Amino acid sequence: MTGVTREVAEFAAGLDYDDLPLAVVERTKLLLLDITGIMVRARHDAESTPSMIAALKRLGLTSGECSVIGDGRHYAPSAAALLNGTLAHSLDFDDTHAAGSLHSSAPIVPAALAAAEMTNASGRDLIAACVAGYEVQIRLSLAVNPSAHYDRGFHPTATCGVFGAAVAAAKLLELDAAGIESALGLALSQAAGSLQFLADGAWSKRSHVGQAAANGLISATLAAEGFKGPGQAIEGQWGFLKAYAPAPNIAEVTAELGT
């Protein structure tokens, strides 16, 4: 019997642009345009941006081949994903999936953009990768029950977002189902996002969405180079659902997958 993680990985690996209904393609284009505009504004207006750029410069990550929206400098891929992801959530205008209680594009699109630049991918491939990422991220949030997840102190945009980011990046890196499953296993150890920022309005709300993007990209890249991640990252004994939710609904992960 195929495990849930493997089923999700096989779905993501097999999803092609030509499989997507026109309405899904057009909606994804709109989401990409929307999140891009938000990142441009946050690059120049969000008060947290200068300190993040200064930190990336100090870490030696401000030279590379990947773009940050609204910035003329090129960055290392992980840094571009981190900064774009943080920008995407800094103004809190990013698209929301109401039932999943999360922001879908903020962690996924930045990881996909960096991976697309790493591989010189087409726009069609970028759209398909983002759709695969959306499917995984949102389904995981529904499965953990967002309100219960919040009660445990987790921010689902980040905790679920790292899996969506990993899937999107993995598709653009042309991983097969086994590779995507490995990327998901590596992403499991990076699933984080504490709600403690609610106590004082700290900027970690912004940065851990960017970290989800960067960690998803890193997880996919490690898997692409043969670094092995654990299987059953979603349903395993110490997997995401059992560790992050008191009463997960595992059926939500694959219910009507592909529709």
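Pairs of Cα atoms nearer than 8 Å and 6+ residues apart set the relative contact order; for the chain it is 25 percent.
Which value, in debye to the nearest 20, describes the size of the charge dipole of region 106-259 about its Cα centre when Lys and Arg Cβ atoms bear +1, Asp and Glu Cβ atoms bear -1, and nothing else is charged?
Working: 8 positive and 12 negative charges, 61 e Å.
My answer is approximately 300 debye.
Packing-based ranking of 180-188, 71-79 yields 180-188, 71-79, ordered from highest to lowest mean Cβ neighbour count within 10 Å. Using Cβ point charges alone (K and R +1, D and E -1), the dipole size of the chain about the Cα centre works out to roughly 720 debye.
How much area per residue is accessible in the chain when the probe is 1.4 Å and only protein heavy atoms are counted (Å²)? Display every interim value, and only then the final one.
On the way: 11200 Å² over 259 residues.
Per residue, the chain has 43 Å² of solvent-accessible surface.
Using a ≥ b ≥ c from the Cα gyration tensor of region 37-190 (square roots of the eigenvalues), is it rounded, prolate or oblate, where a/c under 1.5 gives rounded and otherwise the larger of a/b and b/c decides, a/b for prolate? Oblate, because a/c is 1.5 or more while a/b does not exceed b/c.
Computed from backbone phi with θ = phi - 60° and the Karplus coefficients 6.51, -1.76 and 1.60, the 3J(HN,Hα) list for region 93-98 is 9, 6, 4, 10, 9, 4 Hz; x is used for glycine and proline. For every other residue with a beta carbon closer than 14 angstrom to the beta carbon of A187, add +1 if it is Lys or Arg and -1 if Asp or Glu, then tell me the sum. Around A187, the charge tally is +1.
Compute the relative contact order of region 136-233 as a whole-number percentage, counting only Cα pairs closer than 8 Å that sit 6 or more residues apart in sequence. Reported relative contact order: 37 percent. The relative contact order of region 64-201, computed from alpha carbon pairs under 8 Å that lie at least 6 residues apart in sequence, is 22 percent.
For the chain, a Gaussian network of Cα nodes joined below 10 Å ranks V167, V109, V68 by mean-square fluctuation, and the top entry is V68. Positive contributions from Lys and Arg (+1) and negative ones from Asp and Glu (-1), summed over other residues with Cβ under 13 Å from the Cβ of A220, come out at -3. With the charge dipole of the chain set up from +1 on Lys and Arg Cβ and -1 on Asp and Glu Cβ about the Cα centre, the Cα lying farthest toward the positive end among the listed residues I127, T159, A177 is that of T159.
The values are calculated or read from the model by the stated rules, or taken from the named source; none is laboratory data. All values reported here derive from a predicted model rather than from experimental measurement. Positions of Cβ are generated from backbone atoms using ideal geometry, with glycine treated the same way; all protein chains shown enter the neighbour counts. All accessible areas refer to the heavy atoms of the entire protein, side chains included, with ligands and DNA or RNA removed. Shrake-Rupley method; radii C 1.70, N 1.55, O 1.52, S 1.80 Å.
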